[in-house]
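The values are calculated or read from the model by the stated rules, or taken from the named source; none is laboratory data. Small disclaimer: the values here were computed from a predicted structure and weren't measured. Cβ placement follows ideal geometry from the backbone for every residue including glycine, while neighbour counts extend to all protein chains displayed.
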Amino acid sequence: MTSGDRLGRLPGTAAALALALLLPFLASCSGAQEQPASRQLVPTSQQVPRASAINGKRVVAISLDGLNPRAITRLGRSRLPHLYRMIREGAYTLNARAQVEQTVTLPNHTSMVTGRRIRAAADGHGVTWNTHRPGTTVHGAAGHDVSSVFRTVHRGGGRTALFSTKQKFTLFGRSWSQAVHRTVIRDADDVALTRLFRRDIVATKRSFAFLHLGLADKTGHARGWMTRPYLDAVVRLDRLVGQVLSTVRSTPRLARSTVVVLTADHGGVPGTNGHGAATSFENYRVPFIVWGAGVDHGDLYDLNPTLRNPGRGRPGVSGAQPVRNGDLANLATKVLGLGPVAGSLWNRSQHLTWHR
Ligand SMILES: [Zn+2]
């Protein structure tokens, strides 16, 4: 339970008083990650979302770590019925892009939740490492305060959660300690984590819930990308995705309100155990699928004529843009009726649409 949970149950005046008394203490013990607005180093115009209150919609974000879209087309609809359901009913592309600078897990996920590129000197989030480093924050990496979809939703009055199969994702809870209302880590246990995630989104009103599943990446590193064991892992992940979709569909309030967005941090080179080369098509191509309440069916590049399908290319940050995994943060803020994440780059104008 976070301090926010406890305060949320107190009557207004008592809560305000308790907050006033607790704030200095919280600031000193949380490593000052959540700085007062006046001390933020970002321009004033970027500090406050345009809309201040959240709507009744919900976003479930699913990242399938190391999912090379080749696996989706290779396995097909019969082996991946749930991913193909999302494709058949939703707005999608199998030709989205990871981050330009790096195709590894933690930097790309930090882009998904901040909407920033990686390189700190270019206003990116600065998270360039890919290991569990206790004590680090995104703010420390960037050299200044960095906002996120978690903070934007929290300030809009919504609740958030982060579920991951990798310890290094505790970075987000440390960085936005007041705004990530629940963090659950189940090391390399995708099945148990998905079960806990489904329970959570039914029991708690999460405006934004993030589920990271690492099985494909883990299998790719151990046995090689696009090998039989890797493809089997993708089939198992499809079942877990199916369980989440089933939870959403069978719970009327979730079915009415939930948009599911599924993407990946990076792919992986077939027959090898890695995905580190940021210039490889096999590494930088990722899927991006939007499915659920109010989402039309179609190819995202058809639905978004201002975006450009990059073919096999690797577009930089200027010029016509492809769909990117970093679009996730501001897709979520748009679904929830909030302005963009402060300081974000990707999808900052919330242009990405899932409507015809
Ligand atoms: Zn990996």
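General remarks:
- Verdict on A142 being closer than 20 Å to P107 by Cα and modelled with pLDDT of 95 or more: yes
- For D296, the stated conditions do not hold, so it cannot be described as closer than 27 Å to I54 by Cβ, crowded, with 17+ Cβ neighbours inside 10 Å and of a type in the set (D, E).
- When S45, S111, S3 are checked against the criterion of being at pLDDT below 50 and surrounded by 15 or more Cβ atoms within 10 Å (Cβ to Cβ), a single residue qualifies: S3.
- Restricting A342, A278 to residues that are under 21 Å from the mean Cα position of the chain (by Cα), surrounded by fewer than 23 Cβ atoms within 10 Å (Cβ to Cβ), among the aliphatic types (A, V, I, L, M) and part of a loop (DSSP other than H, G, I, E, B) narrows the list to A278.
- Residue within segment 179-191 that is buried (at least 16 other Cβ atoms within 10 Å of the Cβ), polar (S, T, N, Q) and in a strand (DSSP E or B) present: yes
- Screening V286 with (1) of a type in the set (A, V, I, L, M, F, W, C); (2) within 16 Å of the ligand (Cβ to nearest atom); (3) part of a loop (DSSP other than H, G, I, E, B); (4) in contact with an Asp or Glu (Cβ under 9 Å, 6 or more places away or on another chain) gives one miss only, at (3).
- Scanning segment 226-246 finds no residues that are over 17 Å from L80 (Cβ atoms), among the hydrophobic types (A, V, I, L, M, F, W, C) and either in a strand (DSSP E or B) or more than 16 Å from the ligand (Cβ to nearest atom) (or both).
- Contact annotation: residue pairs with Cβ atoms under 9 Å, 6 or more positions apart or on different chains, pairing a residue in segment 217-244 that is β-branched (V, I, T) and at pLDDT 95 or above with a partner that is part of a loop (DSSP other than H, G, I, E, B) and away from the ligand (no atom under 16 Å from the Cβ), are V234/L80; V235/L80; V241/L80.
- When segment 192-225 is filtered for residues that are assigned to a loop (DSSP other than H, G, I, E, B) and within 16 Å of the ligand (Cβ to nearest atom), the ones remaining, listed by number, are G214, G224.
- Of all residues in segment 166-216, those satisfying the criterion of being under 12 Å from V60 (Cβ atoms) and in contact with a Lys or Arg (Cβ under 6 Å, 6 or more places away or on another chain) are R206, S207.
- Hey, A255 over 28 Å from T152 (Cβ atoms), out of contact with any Phe, Trp or Tyr (no Cβ under 6 Å at 6 or more places or on another chain) and small (G, A, S) or not: no
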